[in-house]
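Heads up: the structure comes next, in structure tokens.
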Amino acid sequence: MIPALFVFAYLGSVIYIGVFMFRAPAGEHPAEDFFLAGRSLGQYVFLLSLFGTNMTAFAILGSSGHAFTNGVVTFGLMASSSALIIPLGMFLFGTRVWSLGKRFGFITPVQMYRDRWECGQIGTLIFVVQAALLVPYIIIGVIGGGTTLFAISGGLVPYWLGGAVVAIVVMIYVFFGGMRGTALVNTFQTSMFLIFGAIALIVIGKGLGGFSRAISEMQSSPALAPLLTRERISPAFFLSYTFIPLSSLTFPHITIFWLTARRMAQFKKTIIFYPLCILAIWLPATFLGVVANRAVEVPAIQAKLEARQTMVMQAATLTPEQRGELRAKSAGDDVLLRLLEHYAPLWLAGLLGAGIMAAVMASDSQILALSTMFSEDIFTFYEGKERFGEAAQVITGRIFVIVLTVIAYVIALMFPQPIFDLAVQYAFSGYSSLAPLLIAALFWKRSTKWGAFATTLWTATAVISVAVFQSVYANPQVVWKVAGMDALVRTPAGTAVFGFMPVVPMTIISGLLMILVSLATRPPGRETVGKYFD
């Protein structure tokens, strides 16, 4: 329990930081102060909290787990494309969203969409779809918390209790601290996992006898050598991942964070340092996930390798239930924790575990974002603020924090899945498909509310269809062929459409719908167009 005690001490410090900020005196507008920190975040808090809110359990546990199975290609799939697309998107979209929010007082992206397309109903629809798509991302935090505490404590803290602890801690400081508390906690957490990621790389590398030795052994092994290439990922799948970072530009918690900056100049350093932060996080996580395949002296990792081998050798005879069981046993979400447990001293394993927990708990911003949207886009829009006052609006947002956290926790217990696959297939793919909404709202005068309706409804339909398809076809198989080509395939990790991940056709069709439907319908009035473009 010694490493677990370090983690619990860290959780206590996080609560203190988040709740302490609740004592900061509110300004004339308590809602804006609670949800946007009064639009007053400084340069480094803005940079670290914005980066931290995007680096959840997906970036630490998910990436190392995916690299454990697929190899070094994991870094190219997500880190390389994200390091280019996200900063470029912040430059093109983030600065414009910040400017519009400052000028017109927007607190959420839905408010901008309603005003831009002169339609209240479109905002309600977008809120419902975005809330549904963000829940899987919040679930990742609960899964990561349960996995971390279970592994760090050697199984003494059960998965359900670890997930509950993380959910409660996040709920407390988001409930009391709002955006100020969340931003400070994210700044602290980002600093933690940036520092301890480098330390973990050094400690585990020494325990393995040096990375050069581990890599040489993998190169000489026919079974493991492909992990040092991109052989296990097809070119079409590799290209598909360039669409995934578009989601980071449409996530409501990222868009809302853009609005918290004190000055537009703060985007400059953020854009410059963001790729370096990605390198500092993803490189250690993915590399350690890969070399974990040589840590056969770690019993838990050896069991995963045996389960993987059984799944490959008996693929043709396995039932869906047996395949799911073996897939769960071979999943690598906890390999980084297992390496720490085996190679690091107890006290250092505790500190490094706290650093990993820092990344796991970045789901706080997603919870706060949905709370903000509910209070602004539902409660206030439907005259709740006028009838009950601004203080009631903040209370409503806090109640929504509790409800949302409980829902995410229950779903995480009922449907545990590999973190990487859960994020990519649902949250990331859905939000990437919503990217044409943001692009059209900011840069295309001719876009209309009907184009926005078509794009949003298509995204919801596509994500639901993927989920239904994967539940009906549990085993890998070719479902549909067109002219001799595999048009629709159930893969071990998800779905392929003509060799591409679903995010590619989803995003392309979404963009076409925005264009075609907008051209076929009446554009917004001249006054609205002039307001945004003159």
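The values are calculated or read from the model by the stated rules, or taken from the named source; none is laboratory data. Computed from a predicted model, the values in this text were never measured in an experiment. Cβ atoms come from the backbone with ideal geometry, glycine included; neighbour counts cover every protein chain shown.
For the stretch 40-55, the set of residues classified as of a type in the set (Ser, Thr, Tyr) and buried (at least 24 other Cβ atoms within 10 Å of the Cβ) consists of Ser49, Thr53, listed by residue number.
Restricting the stretch 369-403 to residues that are among the aromatic types (Phe, Trp, Tyr) and outside any helix (DSSP H, G or I) leaves a set whose member that is surrounded by the most Cβ atoms within 10 Å (Cβ to Cβ) is Phe381.
The set of residues in the stretch 56-76 being surrounded by fewer than 24 Cβ atoms within 10 Å (Cβ to Cβ) and aliphatic (A, V, I, L, M) consists of Val72, Val73.
If only residues of the stretch 112-167 that are of a type in the set (S, T, N, Q) and assigned to a helix (DSSP H, G or I) are counted, the one that is nearest to Leu339 (Cα to Cα) is Thr148.
Out of curiosity, is Phe175 over 22 Å from Glu341 (Cβ atoms), within 19 Å of the chain's Cα centre (by Cα) and at pLDDT 80 or above? The answer is no for Phe175.
Every condition in (1) hydrophobic (A, V, I, L, M, F, W, C); (2) at pLDDT 75 or above; (3) buried (at least 23 other Cβ atoms within 10 Å of the Cβ) holds for Leu413 except the one numbered (3). Counting only residues that are closer than 30 Å to Ile86 by Cα and either polar (S, T, N, Q) or crowded, with 20+ Cβ neighbours inside 10 Å (or both), the stretch 275-323 holds 13 of them. Listed by position, the helices (runs of 4 or more DSSP H) enclosed by the stretch 432-528 that each have at least 2 residues that are free of Cβ contacts under 8 Å to residues at least 12 places away in the same chain and among the polar types (S, T, N, Q) are 449-472.
Can we say Gly120 is surrounded by fewer than 21 Cβ atoms within 10 Å (Cβ to Cβ) and of a type outside the set (Val, Ile, Thr)? Judged against the criteria, Gly120 is a match.
For the stretch 100-128, a residue qualifies if it is of a type in the set (Val, Ile, Thr) and under 10 Å from Lys449 (Cβ atoms), and exactly one does: Ile122.
Is it the case, given these coordinates, that Ala131 is surrounded by fewer than 24 Cβ atoms within 10 Å (Cβ to Cβ), out of contact with any Ser or Thr (no Cβ under 9 Å at 6 or more places or on another chain) and within 20 Å of Thr455 (Cα to Cα)? It is true that Ala131 is surrounded by fewer than 24 Cβ atoms within 10 Å (Cβ to Cβ), out of contact with any Ser or Thr (no Cβ under 9 Å at 6 or more places or on another chain) and within 20 Å of Thr455 (Cα to Cα).
Looking at the stretch 99-111, which of its residues are aromatic (Phe, Trp, Tyr) and either surrounded by fewer than 22 Cβ atoms within 10 Å (Cβ to Cβ) or in a helix (DSSP H, G or I) (or both)? The one that is aromatic (Phe, Trp, Tyr) and either surrounded by fewer than 22 Cβ atoms within 10 Å (Cβ to Cβ) or in a helix (DSSP H, G or I) (or both): Phe104. Residues of the stretch 347-373 that are in contact with a Pro (Cβ under 6 Å, 6 or more places away or on another chain) and modelled with pLDDT under 80: Ala349, Gly350, Gly353. Where helices (runs of 4 or more DSSP H) fall entirely within the stretch 244-362, those with at least 3 residues that are under 22 Å from the mean Cα position of the chain (by Cα) and under 30 Å from Ile439 (Cβ atoms) are at 247-250, 252-258, 266-291.
Yes/no per residue for (1) over 20 Å from Tyr241 (Cα atoms); (2) aliphatic (A, V, I, L, M); (3) out of contact with any helix residue (DSSP H, G or I) (no Cβ under 7 Å at 6 or more places or on another chain); (4) surrounded by 15 or more Cβ atoms within 10 Å (Cβ to Cβ):
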{"site": "Phe469", "(1), (2), (3), (4)": "yes, no, yes, yes"}
{"site": "Val472", "(1), (2), (3), (4)": "yes, yes, yes, no"}
{"site": "Val478", "(1), (2), (3), (4)": "yes, yes, yes, no"}
{"site": "Lys481", "(1), (2), (3), (4)": "yes, no, yes, no"}
{"site": "Val489", "(1), (2), (3), (4)": "no, yes, yes, yes"}
{"site": "Ala493", "(1), (2), (3), (4)": "no, yes, no, yes"}
{"site": "Phe498", "(1), (2), (3), (4)": "no, no, yes, no"}
{"site": "Leu519", "(1), (2), (3), (4)": "yes, yes, yes, no"}
{"site": "Arg522", "(1), (2), (3), (4)": "yes, no, yes, no"}
